[in-house]
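Right, one structure below, let's go through it.
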Amino acid sequence: MNAHPAILRASVAADGRLISADAPILALQREAGGALGEMLAVPALAAVARLVTRLGIMVSRPVVAAGLTHDVDMWVRARPDAGGVAMAIVDWRERPAAGPMGEEAERQASFAASAEGWIWQVDPAMRFTLCLPGEGPDGALPDPAPVAGMAFTRMFTLLPDADGDLAILGAFARRQPFERQHASLRQGGGAAVLLSGFPLFDAMGRLMGYRGHAAPDRGHAAPDRSDEAEAATGAEGAEPMVGVDFSRRLDRSLRLPLGRIIANADSIAAQMDGPLRPDYAGYATDIASAGRHLMALIDDLADLQAIDRPDFAVAREEVDLADVARRAAGLLGVRALDRKIRIDPPDMDEAMPAIGEFRRVLQILVNLVGNAVRYSPDGSQIWLRVDGDEAEARVTVADQGPGIAADMQDRIFDKFERLGRDDAGGSGLGLYISRRLARAMGGDISIESAPGQGARFTLSLPTG
Ligand code: ADP
């Protein structure tokens, strides 16, 4: 298997012609019967280019391309560029061509199958940005699954190899792929896992983080949790659904199938496999967005169940509210852009140290900024500002929406309270959960608003 560590680049004109390409991509183009200056002939890459041209946004996804003697697994990031498409390819991996498309060959033809287990992605600070179930039998996410913002090392205890080395550390330092890093899950039974991953670069060559797989480590004795897991989802279902069991049931019975429905609906809507009648593509978009809404509701219900438990606890970490505010703004940037709403985060050089649990603070801010986006008019602006004193650090989210009347301001923190709204956008749980979390961290959420004047939500947290 050949792996090209560098980024490979290609550019495609608006009409689909390949204008420039690094040698391995050009070789694929030739094997597919094309040449430089002719239409991009590698179907999987041409589909990505078409998608970028049609949607006018950046697309980042795994692609498998078939060559004459070998197949290539790669990760493609493609963005609109001067009327055409600029492609940057990382993790180019060649492997012998799959034989006739049997079930196994088909399985191999997907990225998820190029390694077992589930898929994770982290930012350059090694905090999770994404995790997805894999397609193989070991593809289920661990329980509890990592959430956006959680440190990689809070999920995994990294184990040295026989020489006492950690493969992952050397790879990170050199920005190279790594394989077979032994680790164990910190929670949920401490199962042994094998990690592999590769660096992600943006089109300018800057490191965006790492993406990889976590697969069961069969070489290491690990506690067998399958019986337990079966028991939790067993047909009898006689045991009470508490704590971890509840969350595991949610994953098995709702999150996983729903995740598949959303992913499939998304790819139908994006017409990756060819054009569709516009109304069908529209249905698929509706299915994906209803699925996302349901998924958010499931997450809220799982949170509700966790925070209402007597043993609910939060970690005490040093967090920088300015940094978390910038991340929340980044996470919601695309949704805001859809509505032409501008989010103005704290400046890069601002800092506002506080004590709280990073992922919970991020969750609160994503909720507050998400509400600000949802309830503000198109073309308006949202500000995130930090301030504080010795005892307390604060971050405020201010919007130009309809605001909330004084006599309603307490009610919005109640469970399922939506102030009479019946749009499909929310569950009425966000502020209830956010305030419970803020109070569990020794802080609070307050609101200042008058009808027609926008809303200002402030999260305060202790500084020590
Ligand atoms: P959801 O947004 O899912 O309905 P929340 O608990 O987050 O639930 O919010 C409760 C209600 O408070 C919302 O339904 C909305 O009526 C009101 N609300 C929240 N944030 C804002 C805001 N920024 N501007 C106006 N109204 C808001």
Restricting the stretch 383-392 to residues that are surrounded by fewer than 20 Cβ atoms within 10 Å (Cβ to Cβ) and within 24 Å of residue 335 (Cα to Cα), the one nearest to the ligand (Cβ to nearest atom) turns out to be 383
Quick one: in the stretch 40-54, of everything that is free of Cβ contacts under 8 Å to residues at least 24 places away in the same chain and of a type in the set (A, V, I, L, M, F, W, C), which residue is nearest to residue 18 (Cα to Cα)?
-> 41
Could you list, in sequence order, all residues of the stretch 349-378 that are more than 16 Å from the ligand (Cβ to nearest atom), part of a loop (DSSP other than H, G, I, E, B) and either under 23 Å from the mean Cα position of the chain (by Cα) or not hydrophobic (A, V, I, L, M, F, W, C) (or both)?
-> 349, 350, 357
Could you please give the count of residues in the stretch 423-464 that are in contact (Cβ under 8 Å) with a residue 60 or more places away in the chain and charged (D, E, K, R)?
-> 2
Can you tell me which residue in the stretch 393-412 is farthest from residue 458 (Cα to Cα), limited to those that are within 27 Å of the chain's Cα centre (by Cα) and within 10 Å of the ligand (Cβ to nearest atom)?
-> 399
Single residue of 288, 322, 302 found to be free of Cβ contacts under 8 Å to residues at least 40 places away in the same chain, crowded, with 16+ Cβ neighbours inside 10 Å and hydrophobic (A, V, I, L, M, F, W, C) = 288
Those residues of the stretch 417-439 which are within 8 Å of the ligand (Cβ to nearest atom) and part of a loop (DSSP other than H, G, I, E, B) amount to 417, 418, 419, 420, 421, 425, 426, 427, 428, 429
Residue check: is residue 155 in contact with a Phe, Trp or Tyr (Cβ under 8 Å, 6 or more places away or on another chain) and either more than 29 Å from residue 366 (Cα to Cα) or surrounded by fewer than 17 Cβ atoms within 10 Å (Cβ to Cβ) (or both)?
-> no
Restricting to the stretch 273-327, what's the tally of residues that are part of a helix (DSSP H, G or I) and away from the ligand (no atom under 16 Å from the Cβ)?
-> 20
Where residues in the stretch 440-460 are within 11 Å of the ligand (Cβ to nearest atom) and either among the aliphatic types (A, V, I, L, M) or assigned to a helix (DSSP H, G or I) (or both), which of them is surrounded by the most Cβ atoms within 10 Å (Cβ to Cβ)?
-> 455
Do you know which of the residues in the stretch 418-464 that are in contact with a helix residue (DSSP H, G or I) (Cβ under 7 Å, 6 or more places away or on another chain) and of a type in the set (Val, Ile, Thr) is farthest from residue 319 (Cα to Cα)?
-> 433
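The numbers here are math on the coordinates, done by the rules we state, and not lab data. Note that the structure is a prediction, hence the values are computed from the model and not measured. When we count neighbours, we look across all protein chains shown, and the Cβ atoms used for this are built from the backbone with ideal geometry, even at glycine.
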